[in-house]
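Enquirer: Quick one: this structure, given as structure tokens, is what I'll be asking you about.
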Amino acid sequence: MTAGPDVSAPPLTAPGAPPPRRRRPPRAPYALLLPAIAVMLVGMGYPVFWQVMTSFQEYGLAQQFGQPPTFVGLDNYARIFGDERLWAVVTRSIIFCLANAFVTLAIGIGVALLMKATHPVVRLVLQISMLLAWAMPMVASVTVWKWLFDWRTGVINWLLVQVGLTGMDGHNWLAQPLSFFFVATVIIVWMSVPFVALSVYAGLTQVPDEVVEAATIDGAGPAQVFWRITVPMIRPVLSIVLLLQVIWDLRVFAQIRLLQDAGAPVAETNLLGNFIFELGVGRQDFAGAAAVSILVLALTVALSWPYVRTLLKEDAA
Amino acid sequence: MSAVEITTGRRVGADPDPSRPAPAAAGRWRRRLGRWLLGTVALVVAAIWAFPVYWMVISSLTPDALLRSETPSFWPASPSVRNFEAVIEGSSFPSALRMSLSITAVTVVAVLAFAFLAALAISRFRFRGRTSFVLAVLFIQMLPAEGLFIAQYKMLSAAGMLNSVIGVSVLYTAAIVPFTVWMLRGFVAGVPAELEEAAMVDGLSRAKAFWRITFPLLAPGLIASGVYAFLQAWNEFTVALVVLPAESTQTLPLWLRSFLAASANRGVDWGEVMAASTLIALPVIVFFLVVQSRMTSGLVSGAVKG
């Protein structure tokens, strides 16, 4: 709010001089915001409102055929949250999300350190390959990985057989829940590491060399330099990236859905988004789907708060 | 920075070697070995990350019969574009391409117009409700499609707008506008209002000052935001899956999925499927390389600068 070039700043700041021009009518900014607000209200606002309303209503077949819905309070929540299938899905989603976020972060930091430590030419090669992976459209990535993991002619099974694991010949990765989630993790980590690596690398370039040199002269080893100097100095980047990764890894509906196409056991591999899809689109239980959606939205807003606060600070600066 | 490195590097190299004691030479040798090792690890990591993209392109150029052989061949043995011909002629690719292009075009134009006006408002004016708007924008950009798509489906179906370009474009615009407002805000704030004022002192009207002075300076920001919106709309899968259920209105990501499913019915022809994937991925990779630096810094700039 203390920004200098402020068109509508109160003329108090320059009491003697006349204001350079008439104060703009206060309606201008609202007019400029109108289209953006309107489209967000239609596309996001109304659906959220509908969801909140529906989650408190009976929404069965009768309502599908035009009967006015009846208010049932928290019945839908009680029904859905009393369902142990939901809790299985929630547990699975949280474990999957945290595991993916931490693996992604660990590998991403490793790649960023490699970029910092290697020759500029090697660094450029590494950056280009990261960008290529990052640029791949999600559906195309999952499709390529499905082929790499294909049980008949996939490269991964071939490679495992070459290194002596002959039992992997014809192994179907997507048939069991555990190896299904292993494949999903490989894909999601592969897709997410580039963002983490490039962001952390950008943070690393901000760490002054003098500080590291001084620590080295004082006798600190590489591990000590990393944990005592580097990590504290890039902590802001690390926490933001971890937070974004956790939020993004909660919304992996599409990847899971595409992998399930190959004949995976759906009930045992559903995550939160897939559960909502199945409830709503599959079983037409819109009230139940709305209740679970509210849970997902609330979780996202709660998790996003630290990130949003950081950005707001930037806005105020 | 690099100039300094070069000069210091030369100075170290010019040091007379014989005057150095033996342990220092051994240490230097070990350091060099370590650097080689790190370089090798880095190249292996680069190869792992690039391989799926490489493999997609190579396979798309290889006839299916060769892809089914026992040992995969890791370079194009007998490259041909027959897979691409089969995909373009033998499937609903043209109609999916038309669908994707229309939705993307409508979305990009709407996003740019709406987000630009909003960015102008929040970076050039201080007004009541500004902080609430910024807060709403930041939260809305985080909302997952998974938490909204059932309601969006019901909304469009009640309005009779399932399977319509406009319906899905409205949803895309609403989802993409928030981040674009945030991105453009930085660009608009980067053009000092004094420039515009100086032009007005020199006799231009406010509108002319804006179009002649400020707007050209914003072009890079608008291009970056436009490419960002393009990538989002072009790649989107989740919302499209729900609100475009008809086969005739599939976008490219939906089409790729059903192309693979159709191929799976007769033992997947991976050559054709990879050609299909390449067709979708290529324009995206090109556009992505244009915009990526801006996107990285947009997401974490506050954190990097501290």
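Each reported figure results from applying straightforward, stated rules to the coordinates on display, with no laboratory input. Predicted model, so just to flag it, every value in this text is computed and none were measured. FYI the Cβ positions are ideal-geometry reconstructions off the backbone, even for glycines, and counts take in every protein chain you see.
Enquirer: Using just the helices of chain B, give the 222 nm mean residue ellipticity in deg cm²/dmol: DSSP H runs with n ≥ 4 each add -39,500 (n - 2.57), and the total is spread over all residues, rounded to 500. Walk me through the intermediate numbers first.
Expert: Numbers: 14 runs with 233 residues, N = 306.
Calculated at 222 nm, the ellipticity per residue is -25500 deg cm²/dmol.
Enquirer: Summarise the partner chain shielding of A:141-153 as one whole number: the mean count of Cβ atoms from other chains within 10 Å of each residue's Cβ.
Expert: Values: counts 5, 6, 14, 14, 3, 5, 11, 4, 0, 3, 0, 4, 8.
Counting Cβ atoms of other protein chains within 10 Å of each residue's Cβ and averaging gives 6.
Enquirer: Follow-up. Pop out the ³J(HN,Hα) list for segment B:226-234 in order, Karplus 6.51 cos²θ - 1.76 cosθ + 1.60 with θ = phi - 60°, rounded to Hz; leave Gly and Pro as x.
Expert: Along segment B:226-234, the couplings run x, 5, 4, 4, 4, 4, 4, 5, 5 Hz.
Enquirer: Something else now. Per residue of A:170-181, how many C-beta atoms from partner chains lie within 10 Å of its own C-beta, taken as a mean? Kindly include the intermediate steps, with their values, before the conclusion.
Expert: Numbers: counts 0, 0, 0, 0, 0, 0, 0, 0, 0, 0, 0, 0.
Shielding by partners across A:170-181 averages 0.
Enquirer: Separate question: Compute the distance from the alpha-carbon center of segment A:113-156 to that of segment B:84-101, in whole Å.
Expert: Centre-to-centre distance over Cα atoms comes out at 27 Å.
Enquirer: Another question, if that's okay. Rounded to whole Å, give me the distance from the Cα center of segment A:264-278 to that of segment A:161-177.
Expert: 25 Å
Enquirer: Taking amide H positions as placed in the peptide plane 1.01 Å from N, state which residues far from A:GLN57 in sequence (5 or more) or on other chains have amide H under 5 Å from it.
Expert: Placed amide hydrogens put A:VAL72 under 5 Å from A:GLN57.
Enquirer: Just check segment B:91-268 against the gyration tensor rule for me: Cα atoms, a ≥ b ≥ c as the square roots of the eigenvalues, rounded for a/c under 1.5, and otherwise prolate or oblate depending on whether a/b exceeds b/c. Present the calculation step by step, with values, prior to reporting the outcome.
Expert: On the way: a/c = 3.03, a/b = 2.13, b/c = 1.42.
Note, shape of segment B:91-268 comes out prolate.
Enquirer: Let me ask you something else. Please work out the FRET efficiency for the pair A:GLN224 and A:THR70, using the Cβ-Cβ distance as r and a Förster radius of 51 Å; give the result to the nearest 0.05. Present the calculation step by step, with values, prior to reporting the outcome.
Expert: Details: r = 66 Å, r/R0 = 1.29.
Efficiency, rounded to the nearest 0.05: 0.20.
Enquirer: Between A:LEU41 and A:ALA106, what is the spin-label point distance in nm, taking each point 7 Å from the Cα along the Cα→C-beta axis?
Expert: In this crude label model, A:LEU41 to A:ALA106 measures out at 4.9 nm.
Enquirer: What helices does chain A hold that run 24 Å or longer along their axis, going by alpha-carbon atoms, with a Kyte-Doolittle average of 0.5 or more, using DSSP H for the helix calls?
Expert: Working: long enough: A:84-117 (49 Å, 1.49); A:177-204 (38 Å, 1.97); A:286-316 (41 Å, 1.19).
Within chain A the helices that satisfy the rule are A:84-117, A:177-204, A:286-316.
Enquirer: Nearest 500 deg cm²/dmol is fine: what mean residue ellipticity at 222 nm does chain A get from its DSSP H runs of n ≥ 4 alone, each adding -39,500 (n - 2.57), divided by its residue count? Mind showing how you got there, number by number?
Expert: Details: 15 runs with 205 residues, N = 317.
Result for chain A, helices only: -20500 deg cm²/dmol.
Enquirer: Roughly speaking, what is the stretch gain from B:SER78 to B:ARG28, that is 0.36 nm per residue apart minus the C-alpha to C-alpha distance, in nm to one decimal?
Expert: Numbers: separation 50, 0.36 × 50 = 18.00 nm, distance 4.75 nm.
Net length gain for the segment: 13.3 nm.
Enquirer: So, in Å, what gap is there between the alpha-carbon centers of segment A:31-91 and segment B:142-165?
Expert: 12 Å
Enquirer: Considering chain B as a Gaussian network with a 10 Å cut-off on Cα pairs, which listed residue, B:ALA113, B:ALA276, B:ALA209, attains the greatest mean-square fluctuation?
Expert: The residue that fluctuates most here is B:ALA209.
Enquirer: How much length is gained on full extension from A:ARG85 to A:LEU178, taking 0.36 nm per residue of separation minus their Cα-Cα distance?
Expert: Residue separation times 0.36 nm, minus the Cα-Cα distance, leaves 31.7 nm.
Enquirer: Give the order of A:PHE277, A:PHE102, A:PHE71 when sorted by the count of other beta carbons within 10 angstrom, beginning with the fewest.
Expert: On the way: A:PHE277 22, A:PHE102 14, A:PHE71 9.
Fewest-to-most Cβ neighbours within 10 Å comes out as A:PHE71, A:PHE102, A:PHE277.
Enquirer: Could you calculate the contour length gain from B:ALA261 to B:VAL44, that is, 0.36 nm times the residue separation minus the distance between their Cα atoms, to one decimal place in nm? Can you show the working numbers first?
Expert: Details: separation 217, 0.36 × 217 = 78.12 nm, distance 3.34 nm.
Roughly 74.8 nm would be gained on extension.
Enquirer: Continuing with the same structure: Under the definition of partner shielding as Cβ atoms of other protein chains within 10 Å of a residue Cβ, what is the mean value for peptide B:244-253? Please report the intermediate quantities before stating the final value.
Expert: On the way: counts 0, 1, 0, 0, 0, 0, 0, 1, 3, 8.
Mean shielding count: 1.
Enquirer: Here is a follow-up. Please state the charge dipole magnitude for the protein assembly as shown, taken about the Cα centre, from unit charges on C-beta atoms (+1 on K and R, -1 on D and E), reported in debye and rounded to the nearest 20.
Expert: Values: 43 positive and 34 negative charges, 351 e Å.
Dipole magnitude for the protein assembly as shown comes out near 1680 debye.
Enquirer: Under the Karplus relation 6.51 cos²θ - 1.76 cosθ + 1.60, θ = phi - 60°, what is the ordered set of whole-Hz ³J(HN,Hα) values for segment B:108-119, x standing for Gly and Pro?
Expert: Whole-Hz 3J(HN,Hα) from phi for segment B:108-119: 4, 5, 5, 4, 4, 5, 5, 5, 5, 4, 5, 5.
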